[in-house]
1. Any idea which of Asn116, Asn107 is away from ligand 2 (no atom under 16 Å from the Cβ) and assigned by TED's automatic domain parsing to the domain that holds Leu166?
2. Go through the range 172-207 and count every residue that is assigned to a strand (DSSP E or B) and within 16 Å of ligand 2 (Cβ to nearest atom).
3. Within the range 72-105, work out how many residues are farther than 20 Å from Val119 by Cα, open to solvent by 10 Å² or more (accessible area, probe 1.4 Å) and either in contact (Cβ under 8 Å) with a residue 60 or more places away in the chain or more than 16 Å from ligand 1 (Cβ to nearest atom) (or both).
4. In the range 201-240, what residues are open to solvent by 20 Å² or more (accessible area, probe 1.4 Å), of a type in the set (S, T, N, Q) and in contact with a helix residue (DSSP H, G or I) (Cβ under 8 Å, 6 or more places away or on another chain)?
5. Could you check Cys69 against (1) surrounded by fewer than 17 Cβ atoms within 10 Å (Cβ to Cβ); (2) away from ligand 1 (no atom under 16 Å from the Cβ); (3) at pLDDT below 95 and say which number it fails?
6. Step by step: first the residues of the range 333-363, then only those that are touching a Ser or Thr at 6+ places or on another chain (Cβ under 9 Å) and assigned to a loop (DSSP other than H, G, I, E, B), then the one that is farthest from Gln405 (Cα to Cα). Which residue is that?
7. Can you tell me how many residues within the range 36-62 are open to solvent by less than 70 Å² (accessible area, probe 1.4 Å), touching a strand residue (DSSP E or B) at 6+ places or on another chain (Cβ under 6 Å) and away from ligand 1 (no atom under 11 Å from the Cβ)?
8. Quick check on my filter: what residues within the range 364-396 are farther than 11 Å from Ser318 by Cα and within 16 Å of the chain's Cα centre (by Cα)?
Amino acid sequence: MFLLKLCFCVYVAFLIINVISVNLVTGLRYYSTKDLEDLREEVRSMFQHAYDSYLKYAYPYDELRPISCDGIDTWGSYSLTLIDALDTLAVMGNYSEFQRVADIVANNANFDANINVSVFETNIRIIGGLLSAHLLSYRAGVNVEPGWPCNGPLLRLAEDVARRLLAAFDTATGMPYGTVNLRYGVPPGETTITCTAGVGTYIVEFGTLSRLTGDPLYEEVALKALNALHHHRSSIGLLGNHIDVQSGRWTALDAGIGAGVDSYYEYLAKGAMLLHRPELAATFAESRKAIFRYLRQNDWHFWVSMTRGEVALPIFQSLEAFWPGTLSLVGDIDRAMKSLHNYHSVWKQYGFTPEFYNIPQGEPGTNREGYPLRPELVESTMYLYRVTKDPYLLEVGADILSSIQHSARTPCGYATVSF
Ligand SMILES: *[C@@H]1O[C@H](CO)[C@@H](O)[C@H](O)[C@H]1NC(C)=O
Ligand SMILES: *[C@@H]1O[C@H](CO)[C@@H](O)[C@H](O)[C@H]1NC(C)=O
């Protein structure tokens with residue numbers, strides 16, 4: 001999550017709006033340095049609006065409810081947003097607030113709690129948030145402990161949480177349960193069925209933790225789960241959506257790159273780069289080949305049966321928009337740009353990407369029309385802009401920014417769009 005979050009936030013630094021100059025040949029808008037600076041400031045103020053509203057209306061609850069202007073516990077009653085937003089404060093340059101909150105978290109967070117939490121969400125939001133804040137502390141002017149970055153209060157908290165999650169990985173296959181009680185381990189009677197992303201989205205945080213603490217266990221556990229998933233691929237190289245972590249039997253056989261699967265592929269690519277593990281790059285390359293062969297149609301990606309590759313569902317899901325960004329990391333700019341064009345065309349049609357979009361029918365999926373402020377498309381746009389500097393991508397960024405301001409902003413934050 002560190003890379004993802006950091007880059008997302010760096011991206012916002014050059015988002016743009018209010019631009020009137022248009023290049024008459026290409027039809028693209030032109031953004032001056034001044035335009036870019038104005039937009040960067042607008043993004044900073046958007047963050048401040050959301051963050052201040054959280055502190056004012058919701059803290060110490062997990063999340064802000066931006067319409068009723070109050071707070072609610074969602075993933076675990078551990079002031080989730082405070083931890084999740086900490087690294088963004090540093091990226092936005094608000095070092096005084098970063099120092100204040102890092103201190104609060106370091107002195108008050110206590111994860112020895114009788115609560116059942118999602119292993120996946122706790123990893124990406126809490127462990128990811130703590131680790132990235134830990135790594136940014138020096139830059140943000142924190143008086144770090146001797147031995148930093150291998151020492152520090154936020155690193156110790158991240159390790160404490162990770163140790164509590166380890167119980168979930170104690171299965172016959174090494175693939176984790178989806179839920180764990182932070183104090184007591186896997187709850188009695190817990191289902192043995194976990195989604196693919198819930199099995200394969202640990203290597204970035206767990207690898208970072210192992211490299212910083214010197215304890216190889218976390219990285220090993222995350223690798224074992226990834227290897228088990230890959231081992232259970234079908235004869236044509238595809239993975240399903242849900243698997244039984246004790247028997248290794250697939251219980252949902254649709255192969256796709258969206259909900260329930262997405263970040264498995266993202267973490268293969270990011271884990272390979274971050275930890276210099278060529279075997280993860282090889283697994284990603286093999287998976288990408290099968291995805292292109294069986295899922296890709298006109299640079300959309302359908303859901304197909306994992307055993308035979310027959311189309312099951314010709315839809316685009318908003319979560320799939322992470323894919324161009326991940327492709328850009330492995331140098332596949334051409335295909336990344338083509339898929340991003342597709343996704344942006346949906347964005348322009350509705351002002352955002354609906355959760356499901358039926359491609360042959362050209363309309364949103366029934367009851368899946370909303371937009372819960374997903375960051376995937378803007379993250380992909382950021383990665384691709386960094387590689388290509390293509391001004392079209394600045395326009396995509398500007399579209400996303402202005403739609404969110406127009407449709408999602410409320411007096412106390414930013415809300416899910418439904419229609
Ligand atoms: C930093 O955050 C605090 C708390 O939200 C806010 O009061 C302050 O104005 C921010 N400072 C800057 C420079 O943005
Ligand atoms: C956690 O889940 C188990 C099994 O479903 C349940 O018995 C227990 O009461 C739950 N604990 C809490 C704190 O909700």
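1. The unique qualifying residue is Asn107.
2. Within the range 172-207, residues that are assigned to a strand (DSSP E or B) and within 16 Å of ligand 2 (Cβ to nearest atom) number 6.
3. So the answer is 3.
4. Across the range 201-240, the qualifying residues are Thr208, Thr213.
5. If we test Cys69 against (1) surrounded by fewer than 17 Cβ atoms within 10 Å (Cβ to Cβ); (2) away from ligand 1 (no atom under 16 Å from the Cβ); (3) at pLDDT below 95, just (3) comes out false.
6. The selected residue is Glu355.
7. Number of matching residues: 1.
8. Scanning the range 364-396 gives Val378, Glu379, Ser380, Thr381, Met382, Tyr383.
The values are calculated or read from the model by the stated rules, or taken from the named source; none is laboratory data. Everything quoted here is computed from the prediction, not taken from an experiment. Neighbour counts are summed over all protein chains in view; Cβ atoms, including those assigned to glycine, are modelled from backbone coordinates with ideal geometry. Keep in mind that these areas ignore ligands, DNA and RNA; they rest on the heavy atoms of the full protein, side chains included. Shrake-Rupley method; radii C 1.70, N 1.55, O 1.52, S 1.80 Å.
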